[in-house]
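S.K.: A single structure is presented below for examination.
The values are calculated or read from the model by the stated rules, or taken from the named source; none is laboratory data. Source: prediction; values computed, not measured. All Cβ positions, glycine included, derive from the backbone under ideal geometry; neighbour counts span all protein chains shown.
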Amino acid sequence: MIESKYMNPYLAGFFLGIVLLVTIYITGRGLGASGSIKSVVVASVETVAPAHSKETKFFKEYNSEHQGSALKNWLVFEVIGVIIGAFISGLISNRLKLKLEHPSGSTTRARIFGALIGGLLFGFGSQLGRGCTSGAALSGMAVLSAGGIITMIAIFGGAYAFAYFFRKLWI
Amino acid sequence: MGPLVPEVIGNELNFIVAVFIGIAFGFVLEQAGFSTSKKLVGLFYGYDFTVLRVFFTAGLTAMLGVIALGHFGLLDMSLVYVNPTFLWSAIAGGLIMGLGFVVGGFCPGTSVCAAAIGKIDAMIFIGGSLIGVFIFAEGYPLFEGLYKAASWGNLRIFDVLGVSQALFAFLLTAIAIAAFIATTIVETKVNGKANPEFANKKMYLGLAFATILIGLTAFALPDKKTDLMSEAYSTSKFSSDDFEWMTADELAFRIMDNDAELQIFDLRPSQNFTALSLPKSQNIKLENLFEKDIIKMLSIRGKINVFFSGNDSLAQKAAFISTKLGYKNNYVLQGGMNSFAKEIINFTNPGNAESKQLVDTYRFRESAAAVIPKLIKENKLKQASGETMKTKRVLGGC
């Protein structure tokens, strides 16, 4: 079976904008992603090393701001939805396939290493910047938050600034 | 009026809503092609600007929608989460994320999306993010200074730049369209051929034109709040269509009568309110009239809304705004708290009443002067025990 074409980007953007608008109207908050990763980390540390979690400042601050389990969090439920939604989309467009994707010019090893380090940086940066491309940049733009828009400019500006040095990974 | 959480949709149901919103979010991201890193990093090398197109179209759509909902009073922006601004951590965090983007090829949302359709590199990216968050958590004392520096609060970008929301929204729309056109030209050059998807130039010109028009309507939709506030401040004399007057005597009578329809809005500074507040009164600021809690009170049918301030100038503005917002039965206490204190609370009979009517008035005031201070005292005790409820801003963000 042949993969379907991707949706027209402007149409997809319009739909994404509507999803975000509806989210803000219903819940009073925007979309997000990195927050759920934080929840998973907080919950894991609590389970594996409860004593450590009780005496580390970051987890103490998190627990003083949140009630109940770290996993009972709006973004965790939203990301569960994202997995389901993306899976359905992949299913109807024939894109479900277990594979490690890497550009022809680069190696599998480089891709594994890049994905790991890139993820690490993104995870770290999203904590420092209080949100990622979804939570800070996109949702921040929708409500015209100064912080969100500054983060957005820094993400894309940073990516352009560093792109040259990592071109071998992609082209 | 939005947001619907937590009143219309409870906090528990909100988790179910989150799953459905996530499904829509994930579906659109995957359909847009955000499940492959090659497409995602394309914009940084000029061969595929899909991310820029989807991202900016989504941002504009949501932004213009939020402005429109706010204008028509369908969304209370004071309850919507606005990401707080911490200047240095926003810049540093953003730059690190940018680096992560070109090294890893994903961002958190898109990596989840890609992992869901089986991309192993995306799963590795998620693993990396977990480690990254863990490192931040463990090293938190080291980064805390930077993390919390330059805290500017929940600022809106147009306030920082000192322009109106409408102007900023329009400029952003114009910039986005210019970027759409420029990047399509770059993409064609880099790839050596035009993307057949965008062959229909007329349709795209039409779309761009329509978007600019929609962007322009942001001007025709100036923020209702700014508009009414400036109208209230520039009007020197209000007419009888704007509100009615209520005398201190009538208000005193209604308070003593325990009038169930009475709603009192106190516009004095909060320290005056704390020192002395009338029974069943609310301390509000002019801008609270545009917020959900007060709107809920004002929109109850059959209620009598009495506004008062120290004299009566601020109260007149409030009653005017309330009427303009479409709420009925707006009254202003004549002479404000100053008159009320003089004529009722601290009333002493001058004993020189000439007419029968004045004798009656004085008699009423004497009895009111005995009762109302007691009611005020009881009210203060009630307030001290903390009977006030307020809808809070939602906590959002990542």
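S.K.: Would you pick out the residues in region B:151-190 that are hydroxyl-bearing (S, T, Y) and farther than 22 Å from B:G215 by Cβ?
M.R.: Correct list: B:S151, B:T188.
S.K.: Would you be able to tell me the number of residues in region A:24-45 that are touching a residue at least 12 places away in the same chain (Cβ under 8 Å) and at the interface with chain B (Cβ under 7 Å from one of its Cβ atoms)?
M.R.: Residues in region A:24-45 being touching a residue at least 12 places away in the same chain (Cβ under 8 Å) and at the interface with chain B (Cβ under 7 Å from one of its Cβ atoms): 12 in total.
S.K.: Checking B:N311 against (1) surrounded by fewer than 18 Cβ atoms within 10 Å (Cβ to Cβ); (2) part of a helix (DSSP H, G or I); (3) among the polar types (S, T, N, Q), only one condition comes out false. Which one?
M.R.: (2)
S.K.: Check whether at least one residue in region A:106-129 is more than 21 Å from A:V41 (Cβ to Cβ), more than 7 Å from chain B (Cβ to nearest Cβ) and not in a helix (DSSP H, G or I), and report yes or no. First the steps, then the outcome.
M.R.: So the first thing to find is which residues in region A:106-129 are more than 21 Å from A:V41 (Cβ to Cβ), and the list is A:106-114.
Narrowing further to those that are more than 7 Å from chain B (Cβ to nearest Cβ): A:106-110, A:113.
Now restrict to residues that are not in a helix (DSSP H, G or I): A:106-107.
So far as region A:106-129 goes, yes, one or more of its residues are more than 21 Å from A:V41 (Cβ to Cβ), more than 7 Å from chain B (Cβ to nearest Cβ) and not in a helix (DSSP H, G or I).
S.K.: Now for a separate question. Could you look through region B:37-49, keep only residues that are of a type in the set (A, V, I, L, M) and in a helix (DSSP H, G or I), and pick out the one that is nearest to the other protein chains (Cβ to nearest Cβ)?
M.R.: Here is the first cut: in region B:37-49, the ones of a type in the set (A, V, I, L, M) are B:40-41, B:43.
Narrowing the set further to residues that are in a helix (DSSP H, G or I) leaves B:40, B:43.
On the way: B:L40: 10, B:L43: 8 Å.
It comes out as B:L43.
Listed here are the residues, each with its yes/no results for (1) of a type in the set (F, W, Y); (2) assigned to a loop (DSSP other than H, G, I, E, B); (3) out of contact with any helix residue (DSSP H, G or I) (no Cβ under 7 Å at 6 or more places or on another chain); (4) over 30 Å from B:G65 (Cα atoms).
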site: B:T173; (1), (2), (3), (4): no, no, no, no
site: B:E187; (1), (2), (3), (4): no, no, yes, no
site: B:F209; (1), (2), (3), (4): yes, no, yes, no
site: B:L216; (1), (2), (3), (4): no, no, no, no
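S.K.: With respect to B:I91, determine if the residue is more than 7 Å from chain A (Cβ to nearest Cβ) and in a helix (DSSP H, G or I).
M.R.: no
S.K.: Another one. Of the residues that make up region B:296-304, is at least one closer than 30 Å to B:A369 by Cβ, in the same structural domain as B:E378 (by TED's automatic domain parsing) and touching a Ser or Thr at 6+ places or on another chain (Cβ under 8 Å)?
M.R.: No, every residue in region B:296-304 fails to be closer than 30 Å to B:A369 by Cβ, in the same structural domain as B:E378 (by TED's automatic domain parsing) and touching a Ser or Thr at 6+ places or on another chain (Cβ under 8 Å).
S.K.: Looking at B:L64, B:L69, B:L60, B:L52, can you tell me which residue is assigned to a helix (DSSP H, G or I), over 25 Å from the mean Cα position of the chain (by Cα) and not assigned by TED's automatic domain parsing to the domain that holds B:I321?
M.R.: Working: B:L64 fails: over 25 Å from the mean Cα position of the chain (by Cα); B:L69 fails: over 25 Å from the mean Cα position of the chain (by Cα); B:L60 fails: over 25 Å from the mean Cα position of the chain (by Cα).
Checking each option against the conditions leaves just B:L52.
S.K.: I've got another one for you. Scan region B:113-155 residue by residue and report those that are part of a strand (DSSP E or B) and either more than 8 Å from chain A (Cβ to nearest Cβ) or crowded, with 19+ Cβ neighbours inside 10 Å (or both).
M.R.: B:K119, B:S151, B:G153 - these are the residues of region B:113-155 that are part of a strand (DSSP E or B) and either more than 8 Å from chain A (Cβ to nearest Cβ) or crowded, with 19+ Cβ neighbours inside 10 Å (or both).
S.K.: State whether one or more residues within region A:56-74 are in contact (Cβ under 8 Å) with a residue 40 or more places away in the chain and facing chain B (nearest Cβ under 7 Å).
M.R.: Yes, the conditions are met somewhere in region A:56-74.
S.K.: So, one more: Here is a list of conditions, (1) under 12 Å from B:A315 (Cβ atoms); (2) not in a helix (DSSP H, G or I), and B:A232 meets all of them except one; can you say which number that is?
M.R.: For B:A232, the failing item is (2).
S.K.: With the structure loaded, tell me whether B:L325 is among the aliphatic types (A, V, I, L, M), in contact (Cβ under 8 Å) with a residue 60 or more places away in the chain and assigned by TED's automatic domain parsing to the domain that holds B:E244 or whether it fails that test. Walk me through it before giving the result.
M.R.: Values: among the aliphatic types (A, V, I, L, M): yes; in contact (Cβ under 8 Å) with a residue 60 or more places away in the chain: yes; assigned by TED's automatic domain parsing to the domain that holds B:E244: yes.
Taking the combined requirement at face value, the residue satisfies it.
S.K.: Here are some residues: B:F20, B:F34. Which one is facing chain A (nearest Cβ under 7 Å) and either crowded, with 22+ Cβ neighbours inside 10 Å or in a helix (DSSP H, G or I) (or both)?
M.R.: Only one candidate passes the filter, namely B:F20.
S.K.: Okay, next question. Name the pairs whose Cβ atoms lie under 6 Å apart, with the first residue in region B:343-366 and of a type in the set (K, R), the second in a loop (DSSP other than H, G, I, E, B), and 6 or more positions between them or separate chains?
M.R.: Going by the 6 Å Cβ cut-off, the qualifying pairs are B:R365/B:F347.
S.K.: Additional query: Taking the criterion of being at pLDDT 90 or above, part of a helix (DSSP H, G or I), crowded, with 17+ Cβ neighbours inside 10 Å and of a type outside the set (V, I, T), would at least one residue in region A:93-103 satisfy it?
M.R.: Checked against the condition, which is being at pLDDT 90 or above, part of a helix (DSSP H, G or I), crowded, with 17+ Cβ neighbours inside 10 Å and of a type outside the set (V, I, T), region A:93-103 yields no hits at all.
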